[in-house]
Amino acid sequence: MSTWIRGGELVAPQKGTSEQSDLIIERGRISRIVPHGTFQGQVSQLKVIDAAGKLVVPGLIDMHVHLREPGEEYKESIATGAKAAVAGGFTSIACMPNTSPPNDCRSVTEFIVRRAEEAGLARVYPIGSITMGQQGKVLTEFGDLKEAGAVGISEDGYSVVDSELMRRALEYADYHGLAVICHCEDRGLSEGGVMHEGVVSTKIGLPGIPAAAEEIMVFRDIALARLTGTPVHIAHVSTKGSVALIRMAKEEGVSVTAETAPHYFTLDHNAVIGYDTRTKVNPPLRTEEDVQAIKQGLSEGVIDVIATDHAPHSPIEKDLEFDRAAFGMIGLETALPLILSLVREGRIGMVDAIRKITCNPASILGIPGGSLEEGARADLALIDPNVEFTMTEGDFHSKSRNSPFIGMPLRGRNTLTMIGGKIVWQANGTHPGR
Ligand code: DOR
Ligand code: ZN
């Protein structure tokens, strides 16, 4: 049966428009987009979805999540991660390779693709590791990873310390058409640190990770992009200095793109004062000045993408002393309201915000999606931009609960997710599957 999505505000990030429109969906694709009130359909032959008061956006794309399968399914499986994704409005997610074993070869990539297909929810795009076992010594077989379904490579969780090896990785990745996603961290500087190094770490007596640990590697990876001509994408930017480096590189014409995560523009290091391990993340929450610079970078377009860095952990890794707890927080189910608050603050326009979670990540990864136009696959989300809510532990679809945003007043929520023309999630909580 065809579907008629009626009366919503259609945000088309690639065209740069936002207007009241109706969409007709047939055989999994958007067949027509018309101004609201002009479509004369036979309601009996159509499933009608009333979108009045809602934003109709392309299915959101999160280019940075951790799904923990294979190996740590007690934290998250591909199926539960995909459920959390569609609940949050995401129809495509790219998953990082730091699983157990890491995604460093064809068989692991194929396994992830197969498990995602079985889950039948969000589309899952694997990212392979840059080196075997993420050990920083021997490059993985990029051609194999690509053939098996990987869309990019990253050493996320670690940096490739050896610059010569990273240079070769960039050269081979370009040849194979794989996106290179850089986790920028100088381990020599960050080793032993558990939060941002600054006045708060000094006051509360925790060892710090200086901003320079990130910035040194951002600079190195930009230099390697300049040297090789291969585009690099800088993951989870958290400091003012990184924003400045990326801005300069872009002005110079170096092929660099960047992402930040919602926690880096929502929280600063003061959130760590109560030793709540849910605020422990890598890179760490920085200063208010850094938060302002991240917002400025987003508004200027220096930061192209917002990705969650969804990093599930169980109480085994989190209910511990702060310095012994694991780094990471979940994000798929709280990202949207945090991003919409930037729009309400006037820091970025609505269309621009949607671009950073749809067409921009799609184009960096070279994957389909991220647009709402006639002929496009009907992957979309219906957002209620004004509904106010708070997340409780019971509300999450993720297997993990390590979110500092539990109990915080939030505004703006996904109400329906469609993939290939089929509703895969609706606000009443059902998961009919794709
Ligand atoms: O906080 C983080 N958690 N940062 C990372 O780079 C890795 C991630 C994880 O896998 O838990
Ligand atoms: Zn990550």
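The values are calculated or read from the model by the stated rules, or taken from the named source; none is laboratory data. None of the values given here were measured: they were computed from a predicted structure. So basically every Cβ, Gly included, is an ideal-geometry build from the backbone, and we count neighbours across all protein chains shown.
The table that follows gives values for the structure above.
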quantity	calculated
Selection status of residue 194, within 16 Å of ligand 2 (Cβ to nearest atom) and buried (at least 19 other Cβ atoms within 10 Å of the Cβ)	no
Residue count for region 346-389, restricted to those that are farther than 23 Å from residue 51 by Cα and not charged (D, E, K, R)	11
Residue in region 140-152 that is closer than 25 Å to residue 25 by Cα and either surrounded by fewer than 24 Cβ atoms within 10 Å (Cβ to Cβ) or free of Cβ contacts under 8 Å to residues at least 12 places away in the same chain (or both) present	no
Residue identified as of a type outside the set (D, E, K, R), within 16 Å of ligand 1 (Cβ to nearest atom) and in contact (Cβ under 8 Å) with a residue 60 or more places away in the chain among 206, 170	206
Within region 294-322, tally of residues that are crowded, with 24+ Cβ neighbours inside 10 Å and either farther than 16 Å from residue 60 by Cα or at pLDDT below 95 (or both)	7
Residue within region 229-239 that is assigned to a helix (DSSP H, G or I) and more than 16 Å from ligand 1 (Cβ to nearest atom) present	no
Condition broken by residue 380, with the remaining ones in (1) within 17 Å of the chain's Cα centre (by Cα); (2) of a type outside the set (Asp, Glu); (3) within 16 Å of ligand 2 (Cβ to nearest atom) satisfied	(3)
Residue within region 45-61 that is more than 28 Å from residue 22 (Cα to Cα) and not in a loop (DSSP other than H, G, I, E, B) present	no
Verdict on residue 289 being of a type in the set (Asp, Glu), at negative phi and more than 16 Å from ligand 2 (Cβ to nearest atom)	yes
Counted residues, region 125-134 - those being assigned to a strand (DSSP E or B) and of a type outside the set (A, V, I, L, M)	4
Members of region 77-125 that are within 16 Å of ligand 2 (Cβ to nearest atom), small (Gly, Ala, Ser) and surrounded by 22 or more Cβ atoms within 10 Å (Cβ to Cβ)	81, 84, 85, 94
Selected residue (only one of 260, 308 is in contact with a Pro (Cβ under 9 Å, 6 or more places away or on another chain) and within 16 Å of ligand 2 (Cβ to nearest atom))	308
Condition check for residue 155: surrounded by 19 or more Cβ atoms within 10 Å (Cβ to Cβ), more than 26 Å from residue 221 (Cα to Cα), within 16 Å of ligand 2 (Cβ to nearest atom) and of a type outside the set (S, T, N, Q)	no
Any hit, region 410-422, residues being under 29 Å from residue 326 (Cβ atoms), part of a loop (DSSP other than H, G, I, E, B) and touching a Phe, Trp or Tyr at 6+ places or on another chain (Cβ under 9 Å)	no
Members of region 67-124 found to be in a loop (DSSP other than H, G, I, E, B), among the hydroxyl-bearing types (Ser, Thr, Tyr) and farther than 24 Å from residue 136 by Cβ, listed by number	74, 77
Output for region 120-149, where each listed residue is under 22 Å from residue 177 (Cβ atoms) and small (Gly, Ala, Ser)	128, 129, 143, 148, 149
Lone qualifier among 357, 367, 383 - being in contact (Cβ under 8 Å) with a residue 24 or more places away in the chain, among the hydrophobic types (A, V, I, L, M, F, W, C) and not in a loop (DSSP other than H, G, I, E, B)	383
Selection within region 323-361 - buried (at least 24 other Cβ atoms within 10 Å of the Cβ) and either within 16 Å of ligand 1 (Cβ to nearest atom) or among the small types (Gly, Ala, Ser) (or both)	329, 330, 331, 332, 334, 335
Condition met for residue 315 (within 16 Å of ligand 2 (Cβ to nearest atom) and of a type outside the set (D, E, K, R))	no
Residue 244, sole failed condition from (1) free of Cβ contacts under 8 Å to residues at least 60 places away in the same chain; (2) in a loop (DSSP other than H, G, I, E, B); (3) away from ligand 2 (no atom under 16 Å from the Cβ); (4) not charged (D, E, K, R)	(2)
Filter result (within 15 Å of the chain's Cα centre (by Cα), more than 16 Å from ligand 1 (Cβ to nearest atom) and in a loop (DSSP other than H, G, I, E, B)) within region 264-313	303, 304
Subset tally (residues that are within 15 Å of ligand 1 (Cβ to nearest atom) and not aliphatic (A, V, I, L, M)) for region 78-103	9
